[in-house]
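No lab work stands behind these numbers, since they all come straight from the coordinates. Keep in mind that this is a model prediction, so the values were computed, not measured. Ideal geometry is used to build each Cβ from the backbone, glycine not excepted, and the neighbour counts take in all protein chains shown.
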Amino acid sequence: MQKIEFIKMHGLGNDFVIIDKRSNNYEINDNLIQKLADRKTGAGCDQVITINQSLNNNSDATIEIFNPSGDRAEACGNGTRCVAKLLFKENKNIDSLNISSDAGILIAEKKGNNISVNMGKVSINWKDIPLSEEMDTLNIPLHIEGFSRGVAVNIGNPHVVFFGKNINQLNLLQIGPTIENHKFFPNKTNVEFVEVINLKKIKMKVWERGAGITLACGSGACAAVYAGWKKKLIDNQAEVLLEKGLLNINILDEEAIMTGPAEVSYHGYVEI
């Protein structure tokens, strides 16, 4: 029987099981991921993340992100902030980190008690998202009563953002999976519903691809602010109000920079 140690962390309730593979080369398979992610019989989480040795001299560590089903996710802003907090704790003399992910190199920085991550270039090119066919990515023809047409965005992973009112009244359990699996999105998609409060603040609900309803989504917050800015609904820098707090998103030179908290819930282990 093998004992696998992990750290349970969260960013505004978006929670993760983090496994450090740098000194212990644990085998990560679908059965382990599903066991850890199960909220009834495991630790419970939105994603499982492994920290691996850096594969090149340009990064301090490499991360792999897995949805509860076991499939890979390219990017996770809140999860990257959580990993960065652990790495900053290891080396208190540094203020910046390069973390390698499937979405590329992500730059993390200390910002007081918070962590900032540059999620890289954002794209609304239909091939980058990707979409199944060419269309206006600022007006995806998906019709949801009370909401705008969707805005398709890639921020290392695919998103579609809808703007409207009364997002708390949405039946996200019904609408979320329908849009996630729509034929327009060959790789499926994350789904955000956004209510604009003012030019500097929005409220967001999210359905994450492969995970379902989550309390927060960092890449989704970046996608929402970018989409709102492109639609001239908000400024390029805005706060995103989520169930358990705020993320600050700044779109600078077509890159999304996200700042927010990251917290350790507990340390644990599982025997397999």
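If R0 is 30 Å, what FRET efficiency do you get for K3 and K244 from their C-beta distance, rounded to 0.05?
For R0 = 30 Å, the calculated efficiency reads 0.45.
Taking a ≥ b ≥ c as the square roots of the eigenvalues of the Cα gyration tensor of region 112-249, is the shape rounded (a/c under 1.5), prolate (a/b larger than b/c) or oblate?
It comes out rounded by the Cα gyration axes.
Counting only helical runs of four or more DSSP H residues, what would the 222 nm mean residue ellipticity of the chain come to if each run contributes -39,500 (n - 2.57) and the total is spread over all its residues?
Details: 4 runs with 44 residues, N = 272.
My calculation for the chain gives -5000 deg cm²/dmol from helical runs alone.
Using only Cα atoms, what Kirkwood radius does region 1-97 have, in angstroms?
Answer for region 1-97: a Kirkwood hydrodynamic radius of 13.8 Å.
How long is the gain from Q53 to D128 if the chain were fully straight, where each residue apart is worth 0.36 nm and the alpha carbon distance is subtracted?
Length difference between fully extended and current span is 24.2 nm.
Using a Cα-Cα cut-off of under 13 Å, which aspartates and glutamates could be cross-linked to K35, ignoring same-chain neighbours fewer than 8 residues away?
Cross-link targets: D46, E271.
If I take every Cα pair under 8 Å that is 6 or more residues apart in the chain, average their sequence separation and divide by the length, what percent do I get for the relative contact order?
Numbers: 666 pairs, mean separation 57.9, N = 272.
It comes to 21 percent, rounded to a whole number.
Treat each spin label as a single point 7 Å out from the Cα along the C-beta direction, and report the K183 to L86 distance in nm.
Computed distance between label sites K183 and L86 equals 4.2 nm.
Once fully extended, how much extra length lies between N29 and T41, figured as 0.36 nm per residue of separation less the alpha-carbon to alpha-carbon distance?
Values: separation 12, 0.36 × 12 = 4.32 nm, distance 1.72 nm.
Gain on extension, N29 to T41, equals 2.6 nm.
Does region 170-272 come out rounded, prolate or oblate by the C-alpha gyration tensor, with a ≥ b ≥ c the root eigenvalues, rounded set by a/c under 1.5 and, if not, prolate when a/b is larger than b/c and oblate if not?
The shape class here is oblate.
Would you mind calculating the relative contact order of region 89-156 from Cα pairs under 8 angstrom and at least 6 residues apart, reporting the percent as a whole number?
Normalised by residue count, the contact order of region 89-156 is 25 percent.
If I model a spin label as a point 7 Å beyond the Cα along the Cα-Cβ vector, how far apart are those points for D95 and S265 in nm?
Between D95 and S265, the label points sit 3.2 nm apart.
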